[in-house]
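The values are calculated or read from the model by the stated rules, or taken from the named source; none is laboratory data. In this text, all values refer to a predicted model and were calculated from it rather than measured experimentally. All Cβ positions, glycine included, derive from the backbone under ideal geometry; neighbour counts span all protein chains shown. The accessibility values were calculated without ligands, DNA or RNA, using every heavy atom of the protein model including side chains. Shrake-Rupley method; radii C 1.70, N 1.55, O 1.52, S 1.80 Å.
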Amino acid sequence: MSARTSRLGLRTVALGYLAALLVAPVGMVFYRAFEHGFAAAWHAVTTPDALHAFWLTVLMVAIAVPANAVFGVGAALVIVRGRFRGRALLGALIDLPFAVSPVVVGLALILVYGRDGWLGGWLTDHGIRVIFSTPGIALATIFVSLPFVAREVVPVLREIGTDQEQAAHTLGASGWQTFWRVTLPAIRWGLAYGVILTTARALGEFGAVSVVSGKLAGQTQTLTLFVEDRFQSFDLTGAYAAAVVLAALAVAVIGVLTLLDRRRAP
Amino acid sequence: MAIEVHGVTKRFGEFTALDEVSLAVADGSLTALLGPSGGGKSTLLRVIAGLEEPDAGEVRIAGRSMDGVPPQRRGVGLVFQHYAPFRHMTVRDNVAFGLRVRKRPRDEVRARVTELLELVHLSGLADRYPAQLSGGQRQRMALARALAVEPRVLLLDEPFGALDARVRRELRDWLRRLHDEMHVTTIFVTHDQEEAMELAEQIVVVNEGRVEQAGRPADLYERPANPFVMSFVGPVNRLGETWVRPHDVELMRDPREGSVEALVDRVVRLGFEVRVALTLADGTSLSAQVTRAEVEDLELEEGQIVHVRSHRSTVFAA
């Protein structure tokens, strides 16, 4: 077989694989969503419950992304620049959400914050409700999307070294000035990449949120939970239309990622 | 004295980088820290800059103790070995950095940066990024950046180390002229004895974390304190307990008082200077540095037997 045909063969296999696993199912979702016309789909995603689910998901992203961006950059700085013994352990701990199934995360949160959990009694006494409420969903979302920023920023920090920061110090910059003017701009691409992955993960989270939310329509139902709810209620147009909204958000995120990659390339 | 270092010791784990180092640098002078790599020169520079805390001893700048004074408040400009440019900033912003963090007025910053870029011949490249500069240009940018905040002391870590030979020479001359104009007290680190001899008013030879000798270049060359300094500041022959520089070896056709026989192994003509490799009767090798005219007078050829003696030799007390 010539190099040309083998290359063509490889391409066909790769594209066929992607078509069967990605394009066809996602395409079907779009098709089924608009099967009964655009108006029906639009109606399905503008019901009060759907809108609530949409805004709750947006709120979760708006909480989880800044929280994990700040934590991720801080943790990366500690892992790379810190001089204490537990650094490797911290690095491993940060990867925990990658290793643990989201369902287990949800159960663990109930064990800690639930009515019979460690902190549950104290929280109930003070009138704070975490599980089956928005704070619980936020905690679950933050937990599952925690590693991305730190994982993206750590290698960038390693690569830039400490010379630029030390130069800034000798030029009179305080620690804070050095962070804002030198360190942060130097890691900005890694941070941006991490933020986008965090956003994508937070948008799509289902397992952990499903366990802690209680799935109350119009109250604790995120967009992914709304899709499941519509699907199980045989409202297929609603389920597919909401899925299309999720997919559109994800595509927007991928679009930003691609743009960033192009800017970072030179 | 602009800079005084008293008994500074610095250890990294088991390794002693600096072992009770003391030195004094006069106001407005140009001093070289000369020595082999890994000898502690850069560490000493970093201790003076405040980037490393000494385990013992003290650094004084302009008479003030620097104990516990952070690098930000030492009035020290440091040019790093690889220049440490801020890669995300243009040349102009790099140079302006120190003034901006001091919150100087905009107009003042602009004027000062323009002036400095002219000084280092980078006016045309102000809007470039460090990645778009050559090594020599990057080095001059780092120098302008350090000078912008008008440091009392300028520290240069291997300032010419990463450059090719021709650029090195140009920058060396340029730095010398710059220093003559600005009179800022300067210390630079180098492992190149020629560079140190040519640029510095004072040379401090540092080896294995200790100061071997400090003095004017001519003193170090003429009166080295020990064999290490003697061999580091110039080529040298060792004959038992005696040390002889190649240019102090005299070659003759006939025996004279104090001369011994030697076999000519090799004659290398480098223009005016000719290097002759010889072997003495006891098997010791010896190198001599003579002029072209002498070689012609002697009709020197490889394989010939000549008579040698030294004009000048040094014996170090054990």
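Could you identify the single residue in A:L171, A:L246 that is touching a residue at least 40 places away in the same chain (Cβ under 8 Å) and surrounded by 19 or more Cβ atoms within 10 Å (Cβ to Cβ)? Explain how you work it out, then say what you get.
Values: A:L171 fails: touching a residue at least 40 places away in the same chain (Cβ under 8 Å).
Exactly one residue qualifies, and that residue is A:L246.
State which residue is most open to solvent (accessible area, probe 1.4 Å) when the search covers only region B:151-161 and only residues that are of a type in the set (D, E, K, R) and more than 11 Å from chain A (Cβ to nearest Cβ). Steps first, please.
Step one: of region B:151-161, the residues of a type in the set (D, E, K, R) are B:152, B:157-158.
Among the residues that remain, those that are also more than 11 Å from chain A (Cβ to nearest Cβ) are: B:152, B:158.
On the way: B:R152: 106, B:E158: 17 Å².
Filtering region B:151-161 for residues that are of a type in the set (D, E, K, R) and more than 11 Å from chain A (Cβ to nearest Cβ), the one most open to solvent (accessible area, probe 1.4 Å) comes out as B:R152.
Tell me, please, whether a residue that is within 14 Å of chain A (Cβ to nearest Cβ), modelled with pLDDT under 95 and out of contact with any helix residue (DSSP H, G or I) (no Cβ under 9 Å at 6 or more places or on another chain) can be found in region B:26-34.
Looking only at region B:26-34, we keep the residues that are within 14 Å of chain A (Cβ to nearest Cβ), and these are none.
No: zero hits.
Within region A:112-132, does at least one residue satisfy the condition of being closer than 16 Å to A:V70 by Cα, of a type in the set (S, T, N, Q) and away from chain B (no Cβ under 14 Å)? Can you show your working first?
From region A:112-132, those closer than 16 Å to A:V70 by Cα are none; that's our starting set.
No - not one qualifying residue is present in region A:112-132.
Could you check how many residues of region A:149-191 are away from chain B (no Cβ under 14 Å) and farther than 13 Å from A:G74 by Cα?
2
Looking only at region A:129-162, filter to residues that are over 17 Å from A:V104 (Cα atoms) and of a type in the set (S, T, Y); which one of those is least open to solvent (accessible area, probe 1.4 Å)?
Checking each candidate, the answer is A:S133.
Got at least one residue in region A:180-195 being among the aliphatic types (A, V, I, L, M), modelled with pLDDT under 90, open to solvent by 30 Å² or more (accessible area, probe 1.4 Å) and more than 30 Å from B:A96 (Cα to Cα)? Even if it seems obvious, please write down each step before you answer.
Here is the first cut: in region A:180-195, the residues among the aliphatic types (A, V, I, L, M) are A:182, A:184, A:186-187, A:191-192, A:195.
Now restrict to residues that are modelled with pLDDT under 90: none.
No: zero hits.
Which residues, counting only those in region B:35-76, are part of a loop (DSSP other than H, G, I, E, B) and of a type in the set (S, T, Y)?
Here is the first cut: in region B:35-76, the residues part of a loop (DSSP other than H, G, I, E, B) are B:35-40, B:50-55, B:62-63, B:66-70, B:74-75.
Listed by number, the list holds a single entry, B:S37.
For region B:105-150, which positions are assigned to a loop (DSSP other than H, G, I, E, B), within 12 Å of chain A (Cβ to nearest Cβ) and in contact with a helix residue (DSSP H, G or I) (Cβ under 8 Å, 6 or more places away or on another chain)?
The first filter runs over region B:105-150 and keeps only residues assigned to a loop (DSSP other than H, G, I, E, B), leaving B:105, B:120-122, B:126-129, B:133-134, B:148-150.
Now drop any that are not within 12 Å of chain A (Cβ to nearest Cβ), which leaves B:129, B:148-150.
Once the filter is applied, which keeps residues that are assigned to a loop (DSSP other than H, G, I, E, B), within 12 Å of chain A (Cβ to nearest Cβ) and in contact with a helix residue (DSSP H, G or I) (Cβ under 8 Å, 6 or more places away or on another chain), region B:105-150 yields B:Y129, B:A148, B:V149.
Considering region A:202-246 alone, what residues qualify as being among the aliphatic types (A, V, I, L, M) and under 20 Å from A:R32 (Cα atoms)? First the steps, then the outcome.
Within region A:202-246, the first condition is being among the aliphatic types (A, V, I, L, M), and the residues that meet it are A:202-203, A:208-209, A:211-212, A:216-217, A:223, A:225, A:227, A:236, A:239, A:241-246.
Residues satisfying the conditions are A:L223, A:L225, A:V227, A:L236, A:A239, A:A241, A:A242, A:A243, A:V244, A:V245, A:L246.
Residue by residue through region B:262-312, note down the ones that are open to solvent by 60 Å² or more (accessible area, probe 1.4 Å) and touching a Phe, Trp or Tyr at 6+ places or on another chain (Cβ under 8 Å).
Scanning region B:262-312 gives a single hit, B:R292.
Every residue in region B:180-191 that is open to solvent by 10 Å² or more (accessible area, probe 1.4 Å) and in contact with a strand residue (DSSP E or B) (Cβ under 8 Å, 6 or more places away or on another chain), please.
Those that are open to solvent by 10 Å² or more (accessible area, probe 1.4 Å) and in contact with a strand residue (DSSP E or B) (Cβ under 8 Å, 6 or more places away or on another chain): B:V184, B:H191.
What number of residues within region B:212-257 are open to solvent by 50 Å² or more (accessible area, probe 1.4 Å), within 25 Å of B:A26 (Cβ to Cβ) and not in a helix (DSSP H, G or I)?
Matching residues across region B:212-257 total 4.
Tell me, which residue of region B:35-71 that is within 14 Å of another protein chain (Cβ to nearest Cβ) and over 22 Å from B:V204 (Cα atoms) is most open to solvent (accessible area, probe 1.4 Å)?
Among those residues, the one meeting the criterion is B:P70.
Of the residues in region A:95-128, how many are part of a helix (DSSP H, G or I), more than 21 Å from A:K215 (Cα to Cα) and open to solvent by 40 Å² or more (accessible area, probe 1.4 Å)?
Residues in region A:95-128 being part of a helix (DSSP H, G or I), more than 21 Å from A:K215 (Cα to Cα) and open to solvent by 40 Å² or more (accessible area, probe 1.4 Å): 5 in total.
Failed condition for B:F97, given (1) within 9 Å of chain A (Cβ to nearest Cβ); (2) hydrophobic (A, V, I, L, M, F, W, C); (3) surrounded by fewer than 14 Cβ atoms within 10 Å (Cβ to Cβ), with all others met?
Against the list (1) within 9 Å of chain A (Cβ to nearest Cβ); (2) hydrophobic (A, V, I, L, M, F, W, C); (3) surrounded by fewer than 14 Cβ atoms within 10 Å (Cβ to Cβ), B:F97 comes up short only on (3).
Check B:R73, B:R87 and return the single one that is over 26 Å from the mean Cα position of the chain (by Cα), under 15 Å from B:V153 (Cα atoms), at pLDDT below 95 and of a type in the set (D, E, K, R). Give the steps one after another, and end with the answer.
Numbers: B:R87 fails: under 15 Å from B:V153 (Cα atoms).
Just a single option satisfies the conditions, and that option is B:R73.
Hey, could you check region A:64-91 for residues that are open to solvent by 60 Å² or more (accessible area, probe 1.4 Å) and aliphatic (A, V, I, L, M) and say which is modelled with the lowest pLDDT?
A:A88
Which residue is most open to solvent (accessible area, probe 1.4 Å), if the candidates are limited to region B:72-92 and must be within 8 Å of another protein chain (Cβ to nearest Cβ) and under 22 Å from B:T190 (Cα atoms)?
B:H82
Criterion first (part of a helix (DSSP H, G or I), at pLDDT below 90, farther than 29 Å from A:I160 by Cβ and open to solvent by 70 Å² or more (accessible area, probe 1.4 Å)) does A:L22 satisfy it? First the steps, then the outcome.
Working: part of a helix (DSSP H, G or I): yes; at pLDDT below 90: yes; farther than 29 Å from A:I160 by Cβ: yes; open to solvent by 70 Å² or more (accessible area, probe 1.4 Å): yes.
Spelling it out, A:L22 is indeed part of a helix (DSSP H, G or I), at pLDDT below 90, farther than 29 Å from A:I160 by Cβ and open to solvent by 70 Å² or more (accessible area, probe 1.4 Å).
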